[in-house]
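A short write-up of the structure that comes next.
Bear in mind these aren't lab numbers, they're just calculated from the coordinates by the rules spelled out. Predicted model, so just to flag it, every value in this text is computed and none were measured. We place every Cβ from the backbone using ideal geometry, glycine too, and count neighbours over all the protein chains shown.
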Amino acid sequence: MGKVRRYQGANQADRWRKRTGPKRYRARRLAGVPLRVVFVTVAAVTALITQFVIQRGGSLPEINLQSLTKPAPAPIAGVASVIDGDTIAIQGQRVRFNGIDAPESRQYCDDAKGFEYPCGRRSAEALDGFLAASKPVQCTFVTWDRYDRYVGDCRRGDGSSVAAWMVEHGQALDWPKYSNGAYAEQQAKAKASKIGLWVGTFQAPWDWRAQHTDDAQPTTAPLLALGNGNSGCNIKGNISADGERIYHVPGQKYYGVTKITEAKGERWFCSEAQALAAGWRRSKR
């Protein structure tokens with residue numbers, strides 16, 4: 001029977017060649033190949049995306065789709081440089097902590113008395129102090145984000161979870177969109193104790209970024225050039241009597257009467273971007 005079927009199939013192919021010509025016959029045979037490839041590719045990508053959705057508690061993270069084909073890198077370890085409250089750099093590789101979100105470097109919050117303070121800078125400073133106490137930091141890869149950053153679970157030299165510590169001390173928030181509530185318990189403890197961000201009022205970092213589109217890109221670490229006011233660096237960074245860091249630009253009400261005393265930590269800036277990145281806020285008048 002097998003020979004009969006092959007013979008019949010051969011006869012059918014011969015009849016098709018005679019009726020359509022060799023070119024159309026070859027086109028017909030090959031027409032199905034690209035379609036099968038497409039089906040297989042779509043199925044594979046769909047499976048990967050579904051896996052991400054399940055792992056993230058039903059929410060698809062803002063991943064870089066090209067990263068689906070990139071191999072997962074090995075864990076990375078070393079002395080960390082702090083970029084902001086949820087991002088570090090190790091051996092030149094920028095690492096974003098998985099499942100938490102900290103205030104942006106330029107973000108301000110209100111303290112218990114309603115006064116603004118640079119919560120983004122405070123968060124970064126808290127992280128720097130925590131990491132300095134036990135080196136090195138080791139991070140295990142989770143995924144790549146849409147900025148092509150390595151997203152990982154990181155631990156200090158003594159094994160302490162960096163993300164958990166930041167949330168528990170009120171310096172970052174559990175990000176349920178990606179954490180599936182992994183740090184909800186630490187956040188509840190910080191909120192009940194009114195520490196860190198919870199001492200006053202604040203805007204969730206993801207909401208703050210949505211309203212500050214210019215700050216949506218990942219934080220960089222600009223080099224802050226000091227100036228003396230005579231080389232284009234004419235923005236005055238003044239420290240108020242209350243210790244608040246405020247900068248004044250030419251044309252503002254108190255620019256002329258503001259004196260800079262570098263011995264007190266006051267300084268000149270070459271641009272407002274530099275002043276903001278250093279944790280200073282613009283004078284309201």
>> For Asp153, Asp158, which order do you get if you count the other beta carbons within 10 Å of each Cβ and list the fewest first?
In response: Asp158, Asp153
> So between Ser240 and Ser193, what do we pick up on full extension, going 0.36 nm a residue minus the alpha carbon distance?
Replying inline: 14.0 nm
> In what sequence do His169, His212, His248 fall when counting other Cβ within 10 Å, fewest first?
Replying inline: His212, His169, His248
>> Would segment 69-215 count as rounded, prolate or oblate if I go by the C-alpha gyration tensor, calling it rounded below 1.5 in a/c and otherwise prolate when a/b exceeds b/c, oblate otherwise?
In response: prolate
>> Just want the ordering: Ser81, Ser240, from fewest to most Cβ atoms lying within 10 Å of their own Cβ.
In response: Ser240, Ser81
> With r defined as the distance between the Cβ atoms of Ser81 and Asp111 and R0 fixed at 25 Å, what FRET efficiency is calculated, to the nearest 0.05?
Replying inline: 0.35
> Loop-only check: which trypsin sites (Lys or Arg not before Pro) in segment 170-203 are DSSP coil with at most 15 other Cβ within 10 angstrom?
Replying inline: Lys194
>> What three numbers, in Å, describe the spread of the alpha carbons of segment 235-282 along their principal axes, ordered from the longest?
In response: 22, 22, 17
> Can you list the trypsin sites (Lys or Arg not before Pro) in segment 65-152 that are in a DSSP coil and have 13 or fewer other beta carbons within 10 angstrom?
Replying inline: Lys113, Arg146
